[in-house]
1. So, Asp134, is that one of a type outside the set (Lys, Arg) and at pLDDT 85 or above or not?
2. Can you tell me which of (1) modelled with pLDDT of 90 or more; (2) closer than 23 Å to His368 by Cβ; (3) among the hydroxyl-bearing types (Ser, Thr, Tyr) is the one Ser461 doesn't meet?
3. Filter region 69-112 for residues that are closer than 30 Å to Pro154 by Cα and out of contact with any helix residue (DSSP H, G or I) (no Cβ under 9 Å at 6 or more places or on another chain); which is modelled with the lowest pLDDT?
4. Only one residue in Glu236, Glu155, Glu218, Glu241 is in the same structural domain as Glu39 (by TED's automatic domain parsing) and either over 30 Å from Val125 (Cα atoms) or not β-branched (Val, Ile, Thr) (or both), so which one is that?
5. So for region 469-483 (the condition being loosely packed, with under 13 Cβ neighbours inside 10 Å, at pLDDT below 90 and over 14 Å from Ser523 (Cα atoms)), does at least one residue qualify?
6. Go through region 122-144 and give me each residue that's among the hydrophobic types (A, V, I, L, M, F, W, C), in a loop (DSSP other than H, G, I, E, B) and out of contact with any Ser or Thr (no Cβ under 7 Å at 6 or more places or on another chain).
Amino acid sequence: MSRKQFWRYVRGLTAPVLLWSLFAAVLVMPLQSWLRGDEQYDEATIREWIDETRPFRLSLPELARDYLKESDKAHANGAQGSAAEEILTPQNYKLGIQEEGIQEHLKSMGIPPQMYQGQLPSFPVIYRLTLLLDVAPNGPQKEIVWDSNQTRLPEQYRELDYSIGPRAHVKVQYQLHAYNQRQQIEQASARRVRWVGVLAIAGTVVAVLWVFLVQHREQDRERHRIMVQQQIERAEHLRLEEELRRRNAESRHEETERKLLEQRLATQAAEGKALELKSQLYASIGIMAGSYAHNIKNLLVRPNDLLRRCLEGDGLAPRQENMLQEVRQTLGTVTERLQQILRTVRRDPSRTELTRLDLNEVVRDLQHTWEDLAREKWKLTLTSELGPEALPIQGDLSHLEQAIENLLFNARDATFERRNQLRDQARSNESLTAEARRQALIDAAAWKGAVTLRTRRQGDSAVLEVTDNGIGMTEEIRRRCTETHFSTKRDNAIYEGNSTGMGLGLSFVVVILEHHQATFEISSEPLGGALFRVGFPLAKAIAPEKAT
């Protein structure tokens, strides 16, 4: 038998063995209760008889307790062991009286059941009563005995050792039932044992039958396994033959494959040329799109001027003035979008024109450009904390502005998401009442974002920090947010046609900062806002011109 077959047999036999063990455990409890039930009942009756019998006034436990108290007093007065018993003292005299009282109590307990055995069938027949008392801590026990002096055999009586106190216990030899009644009890116990034996035999038969069935099933499985193995071997043989035929066919078509490879290389060369032409076409389309956007932007100058004159005029109704303001705002948005298109098609991050710039001035201009729009339309506060001294750097102004604007737009979208998260949280909170949910929605809608542009000098670097109180990022998103085309698809950040989710904003920022030899760090946590830190190398001081 293999090891695998052995363990399979073991698993098959586990169920009948566990079933038989459970069956035996269930039988042991009632068997013990049947065999020990009468005996436990008899012992409980004797213990109750010892505790409650009062022939004179006190019970046997009370007499033993009083005797031990007097014995302790005698030892406390200087009497030690047998010498205390030979000297006649008040304590010894009282102990002798108490011992006689205990002897009479035992006699009164033992004689009536013996004398009236026929009239008192429920009383026990007492053959011997022995009271053992620990009168000294390390000395021998005091023994007070009453014996009926009747002849008896060991099988006729039972013996009970019963503790009636911390230092006293009683040994009783008794017979509670008549001899014929005991025979009936023993016969009933024998019948119970036979029934248990029958049940055990039945359980064993069931277990053996189970084992036979398991063995038969394992044999069937083994035969089935052998048949399956033979089928697998035949299938493997057929597969090898097919593989041989396939290899022969491949060797015959080897020359054809080489020709196909040459054709494929030629096709790849043609595709490369087509890709180059396509790139040139895309570049031409970009130039044309930039030209169209520039022309449209120029066409918007006249409508903006006419709107300005209309709004400066008097006599306009409030509704008409609001409508003109809305038209002006829409034209401003179109102008802004066209400006973004022009920046996209005209600016190449890899071709920078570095000039000397003051980082504080760049940030101040950007705040002035976007502050009103941020307050009125984005519902956020755009503030700046500029360093006390000038921060000269070498940079491309247009590229640098676009990079900082991307960081600003990213912060704006994060505040949009945070506001939507507060709305969703208020709607989904079922524990709130209708009024409380309505107030929570109002508070969520009134929540304002905050974006701060902060500059400072740190060693030989000019540091720019963009912080927000938006939705924040998890650790995984923080690590991957600068990857090209990586996006969290924040559809709820859509604002006036600015659809995020293309995954190009931060990757574009990284490209620009690399060409400026700048460092870029991101710190964020969920619901804790974000911090974007950029470090630019400070520009060297300009040497004064030599006098001519």
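1. In short, yes.
2. Condition (2) is where Ser461 drops out.
3. Pro112
4. Going through Glu236, Glu155, Glu218, Glu241 in turn, just one is in the same structural domain as Glu39 (by TED's automatic domain parsing) and either over 30 Å from Val125 (Cα atoms) or not β-branched (Val, Ile, Thr) (or both): Glu155.
5. yes
6. Passing the criteria: Phe123, Ala136.
To keep it simple, each residue is scored yes or no on (1) in contact with a strand residue (DSSP E or B) (Cβ under 8 Å, 6 or more places away or on another chain); (2) within 15 Å of Val534 (Cα to Cα).
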{"position": "Ile393", "(1), (2)": "yes, yes"}
{"position": "Glu405", "(1), (2)": "no, yes"}
{"position": "Thr415", "(1), (2)": "yes, no"}
{"position": "Asn420", "(1), (2)": "no, no"}
{"position": "Ala426", "(1), (2)": "no, no"}
{"position": "Ser431", "(1), (2)": "no, no"}
{"position": "Ala436", "(1), (2)": "no, no"}
{"position": "Ile442", "(1), (2)": "no, no"}
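The values are calculated or read from the model by the stated rules, or taken from the named source; none is laboratory data. Keep in mind that what you see is a predicted model, and the values were worked out from it rather than measured. Quick reminder, even Gly has a Cβ in these numbers, built from the backbone with ideal geometry, and neighbours come from all protein chains shown.
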